[in-house]
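The values are calculated or read from the model by the stated rules, or taken from the named source; none is laboratory data. Note that this is a predicted model, so its numbers are computed, not measured. Note that we place each Cβ from the backbone using ideal geometry, even for glycine, and neighbour counts take in every protein chain shown. For accessibility, only protein heavy atoms count, side chains too; no ligands or nucleic acids. Shrake-Rupley method; radii C 1.70, N 1.55, O 1.52, S 1.80 Å.
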Amino acid sequence: MASVHESLYFNPMMTNGVVHANVFGIKDWVTPYKIAVLVLLNEMSRTGEGAVSLMERRRLNQLLLPLLQGPDITLSKLYKLIEESCPQLANSVQIRIKLMAEGELKDMEQFFDDLSDSFSGTEPEVHKTSVVGLFLRHMILAYSKLSFSQVFKLYTALQQYFQNGEKKTVEDADMELTSRDEGERKMEKEELDVSVREEEVSCSGPLSQKQAEFFLSQQASLLKNDETKALTPASLQKELNNLLKFNPDFAEAHYLSYLNNLRVQDVFSSTHSLLHYFDRLILTGAESKSNGEEGYGRSLRYAALNLAALHCRFGHYQQAELALQEAIRIAQESNDHVCLQHCLSWLYVLGQKRSDSYVLLEHSVKKAVHFGLPYLASLGIQSLVQQRAFAGKTANKLMDALKDSDLLHWKHSLSELIDISIAQKTAIWRLYGRSTMALQQAQMLLSMNSLEAVNAGVQQNNTESFAVALCHLAELHAEQGCFAAASEVLKHLKERFPPNSQHAQVICLLHGIRFISDNNSFYYNIKNLSKDVYKKAVVLQAQNQMSEAHKLLQKLLVHCQKLKNTEMVISVLLSVAELYWRSSSPTIALPMLLQALALSKEYRLQYLASETVLNLAFAQLILGIPEQALSLLHMAIEPILADGAILDKGRAMFLVAKCQVASAASYDQPKKAEALEAAIENLNEAKNYFAKVDCKERIRDVVYFQARLYHTLGKTQERNRCAMLFRQLHQELPSHGVPLINHL
């Protein structure tokens, strides 16, 4: 992050026992916590190599950087961290601090005098230019500039720091002893620990420059990659307000406040913080110092651009367009091609409903490549791929385009866009009905994130791409009847993305939705309203309320046709056709099915096309032409068995058996018996599929059909077994009086 404004450090004051030495231009100061860290460093240098094992020393070295850069923490927390790395050294540090705090002021004076010896000799213990060396030199210089009264206040603060740490250690020990056997007390301890951790962040008052920069960059990274590990919105805002109280012109704190307000969908506060961020950049002269007079205009145009993006995020498209026009005007006056390219990308986002939006997008991609903007070029390519997927382009052309986008990602190490690209491929394969390929892409994305976490030693990526991949995984497992595995994935999703997180809406829209990615966010090709109405119509249809279901489906069909939501239009047409044949009007259903088949073929929605052919075959069976229905089934059944859901596989095999039985009516006796035996085998397969998803109603229909066939073949024992099973299921399940032949 950019350097923090100097006014934060030219404010000599005493707050919570913290002595500010910044009147002398030093951007750091001595605190009791930093004295404890200095004691730790001193003890590490005094301890011989044989006294501390190699693994313990490695753990201590890994602990040092967050201790040096992070905010001040309580003494008990520091003891705990050191003890986890090296128990022996933790005891030495505790004794040393106790002697200093319970001794006299001259003990602290002598300690700082001895620190300079670390740099002496031909082979010093610490190099002056190392991270530890720079920290020691800053602390020695800051301490040497303190007046006597400031030194006395610092020593008093050290004593208070030590006493608070001792009290906390005793309280923790007592709490642990008294709560071992009682669950309620254990819960109270956990709540106490949480409150203490939140207090530790601000226990030292204002932060130094390095601490503030580290805190802001760490929280910004967590908000982007793993929101669950960041501070809660209320706690983070409290810390930011504390920073801004000592320096209202701290621009980066305003920007993090903007990101924090976005988490809770606070339009007013996020807009307020964003405007303050750019105001501070202009007022402090941070941009003008580095870019001359051009820096002032640069802040203005990027402020307008970010404001447009903010309004677009909240659905304020008219305000977003006005802000975008302002950004374009200022960028044109300054001849800023990079800003203009960002504006062009947002113009496409705002106008993507127009029929000629693809021309704007193609122009944006060409210009982004020309000006060397791989991030914008990649997002433009992925937007083009999404648009052409909805337009019905072949999958091989789309994958070739995504391959070119992936080359840009790997060449420029754009790991975030790699994740989005894989999520895009998962969505495309699901759109085209290839569940096996979609499953492969989703697992690839999850594996890549987990490998990155192991190698880099950081938290696992909790971005929106990760959430979408897990949603696909849950849906795919549910379609294959693995409901326990799908429930585990959903449970994991809710843990990683709690209700207050910014990606929780992805989980809410999980059921029955295909996800498509674009421009760092994901657009859903089934709108909330359409999805809810469609589900309500399906429920009414299952309850035999045909007229109410038909009215809802007709309204939904008109709505989806206006939105050009082809996938939903086909689903509604299939449901309307089912209403017609269940109402004994199969001839009226045929035009609906032919329209659905034409749309699915035009837009290359293979799985929906197969499902439509399945419905057409059923309509032909009802109309009394089972031979043609059987030939149609041979065309459609392969994609269903390869990539279909378990329930659809069972329905397809059940329909094949029905067509075989209907076709066998005109056969001679030996051939008829052979056809009925084949139908029984297909019914067994259908029953196995239905059993995997625990669909007892369809199992009841299958065993009824099997009992009839066994009776025709003269197999009494098998017939009685199926009849008994049918009787059990029929008593258990309600019957709506729908004829078996009218139920697909």
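The slack between S217 and E56, meaning 0.36 nm per residue of separation minus the straight C-alpha distance, is 55.1 nm.
The GluC sites (Glu not before Pro) of region 28-130 that DSSP puts in a loop, and whose beta carbon has at most 14 other beta carbons within 10 Å, are E49, E104. Cα extents for region 23-173 along the principal axes, largest to smallest and rounded to whole angstrom: 46, 41, 26.
Measuring nothing but how far apart in sequence close Cα pairs (under 8 Å, 6+ apart) lie, relative to its length, region 550-661 scores a relative contact order of 19 percent. You can think of it this way: the chain between Q319 and D532 has 73.7 nm of extra reach, that is 0.36 nm per residue less the Cα-Cα gap. Our estimate of slack between A665 and D114, defined as 0.36 nm per intervening residue step minus the Cα-Cα distance, is 187.9 nm. Rounded, prolate or oblate: which one fits region 604-743, using the alpha carbon gyration tensor with axes a ≥ b ≥ c (rounded when a/c is under 1.5, else prolate when a/b beats b/c, else oblate)? Taking the square roots of the gyration eigenvalues as a ≥ b ≥ c, region 604-743 is oblate. Approximating the spin labels as points 7 Å out from Cα along Cα→Cβ, the V131-to-H711 distance works out to 8.1 nm.
Positive-end ranking of L713, L733, L632 along the dipole of region 604-743, with charges on Cβ about the Cα centre, is headed by L733.
How charged is the neighbourhood of Q159? Take every other residue with its Cβ under 12 Å from the Cβ of Q159, and add Lys/Arg as +1 and Asp/Glu as -1. For residues surrounding Q159, the net value is -2.
With a Förster radius of 56 Å applied to the beta-carbon distance between E697 and V359, the computed FRET efficiency rounds to 0.60. Taken per residue, the accessible surface of region 23-173 reaches 52 Å², heavy atoms only and a 1.4 Å probe. Between the beta carbons of S584 and K564, assuming R0 = 35 Å, the FRET efficiency works out to 0.55 to the nearest 0.05.
Placing unit charges on each Cβ (+1 for Lys and Arg, -1 for Asp and Glu) gives region 23-173 a dipole about its Cα centre, and among L68, L105, F119 the Cα reaching farthest toward its positive end belongs to L68. If r is the Cβ-Cβ distance from N500 to M724 and R0 is 60 Å, what FRET efficiency results, to the nearest 0.05? About 0.65, to the nearest 0.05. Per-residue 3J(HN,Hα) values for region 660-677, derived from phi via the Karplus relation 6.51 cos²θ - 1.76 cosθ + 1.60 with θ = phi - 60°, read 5, 5, 5, 6, 6, 5, 9, 7, 6, 4, x, 5, 5, 4, 5, 5, 5, 5 Hz in sequence order (x marks Gly and Pro). In the assembled protein chains, M546 presents an accessible area of approximately 40 Å² (probe radius 1.4 Å).
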